[in-house]
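These notes are about the structure you will find just below.
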Amino acid sequence: GAGVSQSPRYKVAKRGQDVALRCDPISGHVSLFWYQQALGQGPEFLTYFQNEAQLDKSGLPSDRFFAERPEGSVSTLKIQRTQQEDSAVYLCASSPRLAGGRETQYFGPGTRLLVL
Amino acid sequence: AQTVTQSQPEMSVQEAETVTLSCTYDTSESNYYLFWYKQPPSRQMILVIRQEAYKQQNATENRFSVNFQKAAKSFSLKISDSQLGDTAMYFCAFRPDANAGGTSYGKLTFGQGTILTVHP
């Protein structure tokens, strides 16, 4: 079946511009995560959804970052007034059930954001 | 808070040889899971192997095996019979057992990664 997909794959934004990054998880997956991966670093947690409920947003770096998953499937990560430090790859991951235990997280290919 | 440390930024190995990637972690959790993920240049992260902390037996998946030392908080990955397709960035990751309570919700904490290059 289809894996996790993300769009766009690449995004160039001017500083101050708003951007929206989309994640299509594997169909039926309950849990959805967003991670931010700076160049040459490991991914860092941003936020977690269980169906449509955003249960953890402790990793969002500022109030310019906003995520939603209104119908419990597709999720959008929005960054307002982008800054150069927002340049990174944004990864989405989903898992079939509640995100505990042995659950595997399936990752998408990521969106590479470059803020000029 | 958990931390994961990979002290080898880059490693290289000849095809068909064995290589070991190191990982240490720090946590106060008693129940947790450890993972090795592979991220090829195409950037799709793929799970390589998983270890439950409550299991003493080291996990193995074909050519991949781990050496899990719980007391030392060490979790190394051994790749046997290395293949060209193993060339990638490898991440060690930690996850508390969300079923044990708390609010971690299964988020992964990653190390900085090790770039592995397999030479023909």
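The values are calculated or read from the model by the stated rules, or taken from the named source; none is laboratory data. The shown structure was predicted, so the numbers you read here are calculated from the model rather than taken from an experiment. As a convention, Cβ positions derive from the backbone with ideal geometry for all residues, glycine included, and neighbour counts pool all protein chains shown. All accessible areas refer to the heavy atoms of the entire protein, side chains included, with ligands and DNA or RNA removed. Shrake-Rupley method; radii C 1.70, N 1.55, O 1.52, S 1.80 Å.
Per the conditions (1) within 8 Å of another protein chain (Cβ to nearest Cβ); (2) within 12 Å of the chain's Cα centre (by Cα), the sole criterion not satisfied by B:Q44 is (2). For the range B:18-72, which residues satisfy the criterion of being closer than 30 Å to B:P120 by Cβ and β-branched (V, I, T)? Listed by number, the residues that qualify are B:T18, B:V19, B:T20, B:I46, B:V48, B:I49, B:T60, B:V66. Taking the range A:106-116, which residues are within 14 Å of chain B (Cβ to nearest Cβ) and either surrounded by fewer than 20 Cβ atoms within 10 Å (Cβ to Cβ) or aromatic (F, W, Y) (or both)? Once the filter is applied, which keeps residues that are within 14 Å of chain B (Cβ to nearest Cβ) and either surrounded by fewer than 20 Cβ atoms within 10 Å (Cβ to Cβ) or aromatic (F, W, Y) (or both), the range A:106-116 yields A:Y106, A:F107, A:P109, A:R112.
For the range A:1-47, what are the residues that are among the hydroxyl-bearing types (S, T, Y) and surrounded by fewer than 22 Cβ atoms within 10 Å (Cβ to Cβ)? A:S5, A:S7, A:Y10, A:S27 - these are the residues of the range A:1-47 that are among the hydroxyl-bearing types (S, T, Y) and surrounded by fewer than 22 Cβ atoms within 10 Å (Cβ to Cβ). Screening B:I49, B:I115 for residues that are open to solvent by less than 10 Å² (accessible area, probe 1.4 Å) and β-branched (V, I, T) leaves exactly one candidate, B:I49. Checking each residue in the range B:31-44 for being open to solvent by 20 Å² or more (accessible area, probe 1.4 Å) and touching a residue at least 40 places away in the same chain (Cβ under 8 Å) picks out B:N31, B:K38, B:P40, B:P41.
Any residue at all in the range A:77-85 that is open to solvent by less than 60 Å² (accessible area, probe 1.4 Å) and either aromatic (F, W, Y) or out of contact with any strand residue (DSSP E or B) (no Cβ under 8 Å at 6 or more places or on another chain) (or both)?
No; the residues of the range A:77-85 include none that is open to solvent by less than 60 Å² (accessible area, probe 1.4 Å) and either aromatic (F, W, Y) or out of contact with any strand residue (DSSP E or B) (no Cβ under 8 Å at 6 or more places or on another chain) (or both).
With respect to the conditions (1) touching a Phe, Trp or Tyr at 6+ places or on another chain (Cβ under 7 Å); (2) under 18 Å from A:S7 (Cβ atoms); (3) assigned to a loop (DSSP other than H, G, I, E, B), A:P70 lacks only one, and its number is (1).
When residues in the range B:31-40 are screened for being in a loop (DSSP other than H, G, I, E, B) and either modelled with pLDDT of 90 or more or more than 17 Å from B:V4 (Cβ to Cβ) (or both), 1 of them pass. Listed by first and then second residue, the pairs with beta-carbon distance under 6 Å, at least 6 apart or on different chains, first residue in the range B:45-73 and without any contact (Cβ under 8 Å) to a residue 40 or more places away in the chain, second in a loop (DSSP other than H, G, I, E, B) and of a type in the set (A, V, I, L, M), are B:I49/B:A59; B:Q51/B:A59; B:V66/B:A59.
A single member of A:T47, A:T82 is within 11 Å of another protein chain (Cβ to nearest Cβ), among the polar types (S, T, N, Q) and out of contact with any His (no Cβ under 7 Å at 6 or more places or on another chain), and it is A:T47. For the range B:2-23, filtering for residues that are in contact with a strand residue (DSSP E or B) (Cβ under 8 Å, 6 or more places away or on another chain) and either away from every other protein chain (no Cβ under 14 Å) or among the small types (G, A, S) (or both) leaves 10.
Sort through A:S58, A:S62 and tell me the only one that's more than 14 Å from every other protein chain (Cβ to nearest Cβ), assigned to a loop (DSSP other than H, G, I, E, B), within 22 Å of B:Y105 (Cα to Cα) and of a type in the set (S, T, Y). Going through A:S58, A:S62 in turn, just one is more than 14 Å from every other protein chain (Cβ to nearest Cβ), assigned to a loop (DSSP other than H, G, I, E, B), within 22 Å of B:Y105 (Cα to Cα) and of a type in the set (S, T, Y): A:S62.
Considered as a group, the residues in the range B:65-88 that are open to solvent by 30 Å² or more (accessible area, probe 1.4 Å) and under 14 Å from B:I46 (Cβ atoms) include one that is nearest to the chain's Cα centre (by Cα), and that residue is B:T87.
Would you be able to say whether some residue in the range A:95-105 is open to solvent by less than 30 Å² (accessible area, probe 1.4 Å) and under 11 Å from the mean Cα position of the chain (by Cα)?
Checking the range A:95-105: not a single residue is open to solvent by less than 30 Å² (accessible area, probe 1.4 Å) and under 11 Å from the mean Cα position of the chain (by Cα).
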